[in-house]
1. Restricting the stretch 151-176 to residues that are within 22 Å of Leu192 (Cβ to Cβ) and without any contact (Cβ under 8 Å) to a residue 40 or more places away in the chain, which is surrounded by the most Cβ atoms within 10 Å (Cβ to Cβ)?
2. Quick check, is Ser261 surrounded by 17 or more Cβ atoms within 10 Å (Cβ to Cβ), in contact (Cβ under 8 Å) with a residue 12 or more places away in the chain and either of a type in the set (Gly, Ala, Ser) or part of a loop (DSSP other than H, G, I, E, B) (or both)?
3. Report, by residue number, each residue of the stretch 394-438 that is assigned to a helix (DSSP H, G or I), charged (D, E, K, R) and touching a strand residue (DSSP E or B) at 6+ places or on another chain (Cβ under 8 Å).
4. Take the residues of the stretch 237-250 that are closer than 17 Å to Arg61 by Cα and surrounded by fewer than 20 Cβ atoms within 10 Å (Cβ to Cβ): which is modelled with the lowest pLDDT?
5. Can you tell me which residue among Leu391, Leu327 is in contact (Cβ under 8 Å) with a residue 24 or more places away in the chain, within 16 Å of Met264 (Cβ to Cβ) and not charged (D, E, K, R)?
6. Just checking, does the stretch 302-312 include any residue being hydroxyl-bearing (Ser, Thr, Tyr) and under 22 Å from Ile214 (Cβ atoms)?
7. Assess whether Gly229 counts as being on the phi > 0 side of the Ramachandran plot, free of Cβ contacts under 8 Å to residues at least 24 places away in the same chain and out of contact with any Gly (no Cβ under 6 Å at 6 or more places or on another chain).
8. Say whether the condition of being aliphatic (A, V, I, L, M) and under 19 Å from the mean Cα position of the chain (by Cα) is met by at least one residue in the stretch 247-260.
Amino acid sequence: MNYVQRGFFWVGVYLCLVLTPLFVLLLASSPSGSGFWWDFSIALGFSGTSIMGTMFVLTARFRRAAAPFGIDLIYYYHRWIALVAFVFIIAHPAILVVLEPSLLADLRPSIISWHMLAGAASIMALTAIMVTSFWRQQLRIHYDAWRVGHALLAIAALGLAIGHIEGVGTYVSSPWKRTLWVTISVCCLALLFYVRLIKPLVLLKHPYRVEQVIKERGDAWTLALRPDGHRGFTFLPGQFAWLTLGNSPFALKEHPFSISSSAMQPETIHFTIKELGDFTSRIKDVIPGNTAYLDAPFGAFSIDRHPSSDYIFVAGGIGIAPVMSMLRTLADRGDDRSLLLIYAYKTWESLTFREELKKLQEELHLSVVYVLENPPDDWQGESGFITADLLTRNLPDYPERYEYYLCGPLPMTVMVEKTLQNKGIPLHQVHSELFNLA
């Protein structure tokens with residue numbers, strides 16, 4: 001199967017996982033006198049819970065399932081479908097209380113039943129997940145601490161929700177329906193066992209060693225890693241990996257970074273990382289010889305997935321990293337296709353890979369348009385930010401024959417996508433890498 005066919009297959013599998021509990025609800029006999037809105041509320045509760053269950057599947061990083069879409073898109077979907085599940089689950093008791101205000105009396109601490117308490121606790125855990133996920137940076141929650149808390153809250157929210165369903169019992173009274181929810185619970189536990197135990201054990205047996213820590217322009221550093229006692233992995237140019245440094249793979253302290261090295265030289269893996277946060281600001285202090293672990297490769301952001309006669313790249317800031325992987329790979333292959341790079345950065349002095357890009361222009365049929373936010377006084381090139389007018393000035397004739405690769409800050413990516421759409425570039429020819437997975 002090609003990527004499109006595999007994509008449809010995995011979407012079908014996902015829909016089956018989400019909708020099966022709802023079909024079970026439809027097969028159940030409703031309490032007499034329940035009415036449409038009562039049944040609708042129950043359906044929202046079941047749907048929200050089943051979506052919660054699939055979250056464990058979405059974040060398990062199964063490469064075959066993720067390959068048609070890219071793990072970055074799956075994580076982006078995970079983020080927003082969680083909001084849908086949250087709305088469904090909040091609406092479930094809200095509708096019931098509107099229909100039967102007397103239900104509020106059942107929530108008094110002195111008489112509340114265990115399954116109602118479980119339902120309320122599940123909603124509280126889910127609320128905590130949403131608040132800490134959407135406002136993590138504003139709340140100044142460290143990424144590593146957030147990951148641990150997020151996992152524990154997710155387990156609690158789903159377990160308590162299933163306990164609530166079991167305790168109510170009305171819609172899961174028959175053995176085969178109860179078996180379904182037990183199966184869902186066991187599968188989630190199995191996924192948790194795989195992600196938190198089996199996968200780290202595999203990574204533990206395939207360590208990497210830090211070979212070099214290379215200073216780059218623009219407060220960026222390149223880590224060069226070599227496999228230690230194994231053959232490593234092959235990857236497509238533009239893909240990324242989850243990197244663990246100075247900890248075991250069980251520590252939940254992994255971070256996603258684009259691979260910046262050539263796919264034709266997989267024996268050494270390079271990550272070019274800009275100082276932007278707690279973890280990235282410590283990259284310069286990494287000592288060669290330190291142990292690292294890589295969960296890789298991931299991502300659909302690659303020229304090898306979308307063959308074309310010519311390519312255009314638009315990069316902003318450290319978004320140049322995956323683009324460099326593609327350019328370096330093309331150079332190693334002796335590629336002679338027409339390439340255009342539009343690269344935005346703050347200043348000329350801080351422009352990462354400035355010297356190497358000049359060299360690549362000699363090796364490839366590559367044109368580079370630099371866009372500087374704060375250009376020097378004698379600057380003759382583009383300045384400011386990437387805009388629709390700037391793109392119009394610099395895009396070649398017949399832009400519809402190119403494949404486009406965009407990586408940089410989200411506002412830049414969205415603006416370029418809209419501009420290309422307005423120019424009639426088909427959506428399937430525009431590929432974007434999402435920076436923030438969490």
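1. So the residue we want is Leu153.
2. Answer is yes for this residue.
3. Arg401, Glu417
4. Phe250
5. Being in contact (Cβ under 8 Å) with a residue 24 or more places away in the chain, within 16 Å of Met264 (Cβ to Cβ) and not charged (D, E, K, R) holds for just one of Leu391, Leu327, which is Leu327.
6. Within the stretch 302-312, not a single residue is hydroxyl-bearing (Ser, Thr, Tyr) and under 22 Å from Ile214 (Cβ atoms).
7. The answer is yes for Gly229.
8. Yes - at least one qualifying residue is present in the stretch 247-260.
The values are calculated or read from the model by the stated rules, or taken from the named source; none is laboratory data. Keep in mind that what you see is a predicted model, and the values were worked out from it rather than measured. As a convention, Cβ positions derive from the backbone with ideal geometry for all residues, glycine included, and neighbour counts pool all protein chains shown.
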